[in-house]
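Notes follow once the structure below has been shown.
The numbers here are math on the coordinates, done by the rules we state, and not lab data. The model shown is predicted, which means the values in this text are computed figures rather than measured ones. Here the Cβ positions follow ideal geometry from the backbone for every residue, glycine too, while neighbour counts run over all protein chains shown.
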């Protein structure tokens with residue numbers, strides 16, 4: 001069965017994920033649902049929407065267009081899992097109902113990257129700072145912090161632990 005439809009998932013997404021999704025346009029979905037051997041249902045869909053999500057740096061709204069494809073299999077019981085590869089997306093159907101809206105909403109949420117920045121934040125690269133605090137990017141060294149590194153006095157005695165241990169073995 002082929003389909004080409006527009007879904008309004010705004011309320012569902014904003015209710016389930018109020019901190020991650022600020023707004024969503026109507027979701028265009030097109031694809032095919034077919035019954036496979038053994039009664040399994042295969043859903044292949046192309047999804048297109050625009051999400052508004054908070055910036056991970058400033059929480060300012062960021063418009064995020066998403067367009068992606070999904071392939072999911074729906075089976076009646078866990079016994080059918082052995083028919084599929086570990087890389088296949090297989091869902092066990094409960095109450096004989098496949099909730100396509102929930103599947104699309106979940107996949108939309110998975111499209112949000114870990115780091116979302118406004119165009120201004122991307123262009124300037126300036127990180128926010130305040131009195132006594134700064135924001136740093138994980139993996140980037142702060143040269144000032146490296147030079148002012150102090151040793152916890154309780155652990156100072158351990159500094160030469162391995163040196164003295166090696167001399168005893170000789």
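Comparing 40, 19, 95 in a Gaussian network model of the chain, where Cα atoms under 10 Å apart are tied by springs, the biggest mean-square fluctuation is seen for 95. Looking at the chain alone, DSSP beta bridges between its own residues are antiparallel in about 90 percent of cases.
Convex hull volume of the C-alpha atoms in the chain, normalised per residue: 257 Å³. Fraction of C-alpha pairs exceeding 14 angstrom in segment 1-62: 65 percent, rounded to a whole number.
Sorting 108, 32 by the number of Cβ atoms found within 10 Å of their own Cβ, with the fewest placed first, yields 32, 108. Sorting the segments 132-140, 54-62 by their residues' average number of neighbouring beta-carbon atoms within 10 angstrom, most packed first, yields 54-62, 132-140.
Just to confirm the number: angle between the C-alpha axis of helix 100-110 and the first principal axis of the chain, 0 to 90 degrees, nearest 10? Approximately 20 degrees, to the nearest 10. Helices in the chain, meaning DSSP H runs of at least 4 residues, each add -39500 (n - 2.57). Divided by all residues, the mean residue ellipticity at 222 nm is -6000 deg cm²/dmol.
The relative contact order of segment 5-58 comes to 36 percent, based on Cα pairs under 8 Å that sit 6 or more residues apart.
Efficiency by 1/(1 + (r/R0)^6): what FRET value for residue 124 and residue 25, r their Cβ-Cβ distance, R0 = 35 Å, to the nearest 0.05? For residue 124 and residue 25, the calculated efficiency is 0.80.
Mean sequence separation of contacting Cα pairs (under 8 Å, at least six apart), scaled by the length of segment 27-121, corresponds to a relative contact order of 25 percent.
The modelled label-to-label distance between residue 159 and residue 86, using points 7 Å beyond Cα along the C-beta direction, is 4.7 nm.
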